[in-house]
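What follows is one structure encoded as structure tokens, with my remarks underneath.
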Amino acid sequence: MAKSIPMQILTDAQLADLVSRSSLLEGEVSKPKVLLDADGYIYKFFYQPSRKLSSRTLFPPFKQFVKNSQTLSKRNVQTVSVCDTMTAQDKRFDAIRYQAIEGHDFREHLKQSDHSAISMIVDIMAELHHQGVFFRAIHLGNILHQPNGDYALIDISDCWFSFGQLNAFKRARNLAHLMNYHSDKSYFSHYGNDRFLNEYAIKSKLSKTSFWFIRAYVRHKGVKL
Ligand SMILES: Nc1ncnc2c1ncn2[C@@H]1O[C@H](COP(=O)(O)OP(=O)(O)OP(=O)(O)O)[C@@H](O)[C@H]1O
Ligand SMILES: [Mg+2]
């Protein structure tokens, strides 16, 4: 069972103080989404949905984040480790605190390096799928590249885990999402969509049928092969 972390109250005065001594990574000063404080901690905020009845009310994303972080670690996938969970006095948001990981997201990393660096993504996808990890929010902005060459996942509220490896359908959905993502698709086409999938198939030791299915699915979703 997931380890639960006690919930603290973050008052509006504490929030204002936190914002004043942090860099805003995402969102606005009046409604921060991601903050980085001077001690190297990240605060990620999850605002309540405007609709009263929403799946996010029943399964709050911050709780999913904490649970997924623990499951990913158990499956030897590097990710953030949540140290605190907080809620606003008026409950308008929940927040989590975790240590920032050194490095840049892969989108930034690819801008600064050769496009062939995307071959690392082949290995990462094969590894995640082998570990039975279906990371729905997969895109190059949610994978960090660390200076030692390791990777780590961030933004992990939306994951699903299988008992064994992922099946061909889940692999195909995940690859189609990654290769079609508006900010990233040019990196894949530059590298070669076919080349990327061929290398993934070899790395994952896919059967001919699975590879055929994945190619057909990904093409059906608009990836040019
Ligand atoms: N653990 C971390 N270490 C280093 N940088 C991080 C970490 N977590 C987040 N960041 C930085 O903050 C940015 C935004 O974080 P994150 O992806 O969690 O939020 P988001 O993309 O705004 O969320 P959402 O996708 O839910 O809208 C990342 O692209 C990354 O640059
Ligand atoms: Mg993100």
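Residue-wise test of (1) of a type in the set (F, W, Y); (2) crowded, with 20+ Cβ neighbours inside 10 Å; (3) under 28 Å from S81 (Cα atoms); (4) touching a helix residue (DSSP H, G or I) at 6+ places or on another chain (Cβ under 6 Å).
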{"residue": "G164", "(1), (2), (3), (4)": "no, no, yes, no"}
{"residue": "H177", "(1), (2), (3), (4)": "no, no, yes, no"}
{"residue": "H182", "(1), (2), (3), (4)": "no, no, no, no"}
{"residue": "Y187", "(1), (2), (3), (4)": "yes, yes, no, yes"}
{"residue": "F196", "(1), (2), (3), (4)": "yes, yes, no, yes"}
{"residue": "Y200", "(1), (2), (3), (4)": "yes, yes, no, yes"}
{"residue": "K203", "(1), (2), (3), (4)": "no, no, no, yes"}
{"residue": "S210", "(1), (2), (3), (4)": "no, no, no, yes"}
{"residue": "I214", "(1), (2), (3), (4)": "no, yes, no, yes"}
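Answer yes if at least one residue in region 46-69 is of a type in the set (G, A, S), within 16 Å of ligand 1 (Cβ to nearest atom), under 28 Å from D123 (Cβ atoms) and without any contact (Cβ under 8 Å) to a residue 40 or more places away in the chain, and no otherwise.
No, region 46-69 has no match at all.
Given (1) under 23 Å from A137 (Cα atoms); (2) surrounded by 15 or more Cβ atoms within 10 Å (Cβ to Cβ), where does Q99 come up short, assuming only one miss?
(2)
Is it true that L110 is at pLDDT below 95, more than 15 Å from ligand 2 (Cβ to nearest atom) and crowded, with 20+ Cβ neighbours inside 10 Å?
On the way: at pLDDT below 95: yes; more than 15 Å from ligand 2 (Cβ to nearest atom): yes; crowded, with 20+ Cβ neighbours inside 10 Å: yes.
In short, yes.
Right, I154: within 16 Å of V66 (Cβ to Cβ), within 17 Å of the chain's Cα centre (by Cα), within 16 Å of ligand 2 (Cβ to nearest atom) and modelled with pLDDT of 95 or more or not? Can you show your working first?
Details: within 16 Å of V66 (Cβ to Cβ): yes; within 17 Å of the chain's Cα centre (by Cα): yes; within 16 Å of ligand 2 (Cβ to nearest atom): yes; modelled with pLDDT of 95 or more: yes.
Criteria met by I154.
Which one of these is within 16 Å of ligand 1 (Cβ to nearest atom), in the same structural domain as K44 (by TED's automatic domain parsing), more than 18 Å from Y43 (Cβ to Cβ) and without any contact (Cβ under 8 Å) to a residue 24 or more places away in the chain: S73, S81?
S73
Considering each residue of region 84-114, count those that are near ligand 1 (Cβ under 10 Å from one of its atoms), within 19 Å of Y41 (Cα to Cα) and touching a residue at least 60 places away in the same chain (Cβ under 8 Å), and give that number.
1
Looking only at region 12-48, which residues are away from ligand 2 (no atom under 16 Å from the Cβ) and within 19 Å of the chain's Cα centre (by Cα)?
Residue satisfying the conditions is Y41 alone.
Can you work out which of the residues in region 129-140 that are within 16 Å of ligand 2 (Cβ to nearest atom) and not aromatic (F, W, Y) is surrounded by the most Cβ atoms within 10 Å (Cβ to Cβ)?
Here the residue is I138.
The values are calculated or read from the model by the stated rules, or taken from the named source; none is laboratory data. It should be emphasised that the depicted structure is a prediction, and the values quoted were computed from it without experimental measurement. Note: ideal-geometry Cβ built from the backbone for every residue, glycine included; neighbour counts use all protein chains shown.
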